[in-house]
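Some notes on the structure that comes next.
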Amino acid sequence: EDHFCWVSAMGDATHARLVSAINLMRRLPPQDTEKNLHGLCALLPDQQEELFQRVDQPLKVGIDPTCNMGYIECDYNRDGDSFRSPWSNQFFPPLEGDEGFMPSGPLRELEDKFNTVFDAYRNLYYEGGVGSVYLWDLDTGFAGAFMIRKDVDRDRGVDKGSWNAIHIVDVADKHGKTVQYTLTTTIILELEVLHPDAGSVKLGGYITRKSEANHPKADMDAHIPHIGSLIENMEINLRRQVDELYVQKTREVINKVRRLDPKNPHDRFGAGLAADLATAMAGRATVE
């Protein structure tokens with residue numbers, strides 16, 4: 001329903017261009033997201049704001065100089081060229097003559113608690129990385145961004161890589177009795193492997209999933225376990241999908257394409273594929 005309203009407001013032609021741009025971005029390497037996004041904005045200057053809002057980018061990390069702790073820099077804590085740290089609630093670099101966008105008092109207290117709990121969760125599940133939580137007020141309740149970035153450098157056969165988890169939660173009060181939690185999660189994975197035999201191999205991609213939950217209305221602290229369990233279950237499911245489906249399927253395809261020893265029974269598919277490709281190319285050359 002929301003999608004239909006958005007399409008009607010934008011117009012068919014504009015919507016088609018925007019959808020094509022977003023679909024293209026989701027098929028390009030995450031490592032080049034920033035460069036490709038700026039290129040699309042140059043082609044579609046009228047859709048620049050929509051593109052930046054709807055295209056997820058790999059997370060960046062800043063350091064809060066007041067406590068020397070890392071925090072995520074993104075659009076959800078940005079004001080101009082400055083970013084608000086969840087630890088000190090200050091913008092860096094400091095804003096001139098403006099306090100910047102801040103959550104309301106009670107919501108800031110909840111944000112502070114969320115960051116403490118989420119930091120423990122990050123340390124337990126990721127054993128490193130940087131995580132941040134940012135909340136903002138809405139007319140029907142509030143929303144929040146729960147984000148983690150974990151970098152890998154020369155570990156377990158991976159020369160370089162990162163896991164970016166972006167959880168956007170919308171909390172809506174339904175008739176004063178029920179609270180609806182809507183979670184949209186995007187995982188951005190980047191891996192690079194350098195091997196003397198295989199050369200340089202880069203693997204990257206996006207996966208987005210959505211889930212909802214309803215709970216009886218309670219005090220503000222009740223949001224912590226409700227949102228926490230929602231995010232935890234989502235991450236467990238997505239890790240399983242990435243490992244058992246996407247990574248394994250990619251490995252299977254690569255192995256079948258690259259093995260070309262016809263004497264090995266396991267490599268017959270690769271040899272057959274190579275023969276079919278050679279025949280097709282020879283036929284095309286004859287036609288041309």
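The values are calculated or read from the model by the stated rules, or taken from the named source; none is laboratory data. Here the structure is a predicted model, which means the values were calculated and not measured. Here Cβ is always computed from backbone atoms with ideal geometry, including for glycine, and neighbour counts include all displayed protein chains. What goes into the accessible areas is simple: the full protein's heavy atoms, side chains included, and nothing from ligands, DNA or RNA. Shrake-Rupley method; radii C 1.70, N 1.55, O 1.52, S 1.80 Å.
Residues in segment 63-114 that are in contact (Cβ under 8 Å) with a residue 40 or more places away in the chain and over 24 Å from the mean Cα position of the chain (by Cα) were compared, and the one that is least open to solvent (accessible area, probe 1.4 Å) is Pro106. Quick check on Ile254: is it modelled with pLDDT under 70 and either surrounded by 13 or more Cβ atoms within 10 Å (Cβ to Cβ) or of a type in the set (Ser, Thr, Tyr) (or both)? Yes: the conditions hold for Ile254.
Answer yes or no: is there a residue in segment 128-136 that is surrounded by fewer than 17 Cβ atoms within 10 Å (Cβ to Cβ) and either closer than 28 Å to Lys174 by Cβ or not polar (S, T, N, Q) (or both). Yes, segment 128-136 contains a residue that is surrounded by fewer than 17 Cβ atoms within 10 Å (Cβ to Cβ) and either closer than 28 Å to Lys174 by Cβ or not polar (S, T, N, Q) (or both).
Taking segment 176-225 as the range and being within 30 Å of Phe142 (Cβ to Cβ) and of a type in the set (S, T, N, Q) as the test, the residues that pass are Thr178, Gln180, Thr182, Thr184, Thr185, Thr186, Thr208, Ser211, Asn214.
Filtered by the rule that a residue be surrounded by 15 or more Cβ atoms within 10 Å (Cβ to Cβ), in contact with a Lys or Arg (Cβ under 9 Å, 6 or more places away or on another chain) and not hydrophobic (A, V, I, L, M, F, W, C), segment 142-160 gives Arg149, Lys150, Asp151, Lys160. Condition check for Asp56 on (1) over 22 Å from the mean Cα position of the chain (by Cα); (2) part of a loop (DSSP other than H, G, I, E, B); (3) not polar (S, T, N, Q): one failure, at (1). If you filter segment 15-29 down to residues that are among the charged types (D, E, K, R) and not in a helix (DSSP H, G or I), you find that the one that is least open to solvent (accessible area, probe 1.4 Å) is Arg26.
Close contacts from segment 35-57, counting a first residue that is in contact (Cβ under 8 Å) with a residue 24 or more places away in the chain and a second that is open to solvent by 80 Å² or more (accessible area, probe 1.4 Å), with Cβ to Cβ under 8 Å and a gap of 6+ residues or different chains, come to Leu44/Arg17; Gln47/Arg17; Gln57/Glu34. Scanning segment 179-197 for residues that are open to solvent by 40 Å² or more (accessible area, probe 1.4 Å), more than 18 Å from Met147 (Cβ to Cβ) and either in contact with a Lys or Arg (Cβ under 6 Å, 6 or more places away or on another chain) or at pLDDT below 75 (or both) yields Gln180, Glu192, His195, Pro196, Asp197.
For (1) modelled with pLDDT under 95; (2) touching a Lys or Arg at 6+ places or on another chain (Cβ under 8 Å); (3) part of a loop (DSSP other than H, G, I, E, B); (4) among the β-branched types (Val, Ile, Thr), each residue gets a yes or a no:
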position: Gly97; (1), (2), (3), (4): yes, no, yes, no
position: Phe101; (1), (2), (3), (4): yes, yes, yes, no
position: Pro106; (1), (2), (3), (4): yes, no, no, no
position: Leu110; (1), (2), (3), (4): no, no, no, no
position: Tyr125; (1), (2), (3), (4): yes, no, no, no
position: Val133; (1), (2), (3), (4): no, no, no, yes
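Please verify whether segment 162-175 includes one or more residues that are modelled with pLDDT under 95 and loosely packed, with under 13 Cβ neighbours inside 10 Å. The answer is yes; a qualifying residue exists.
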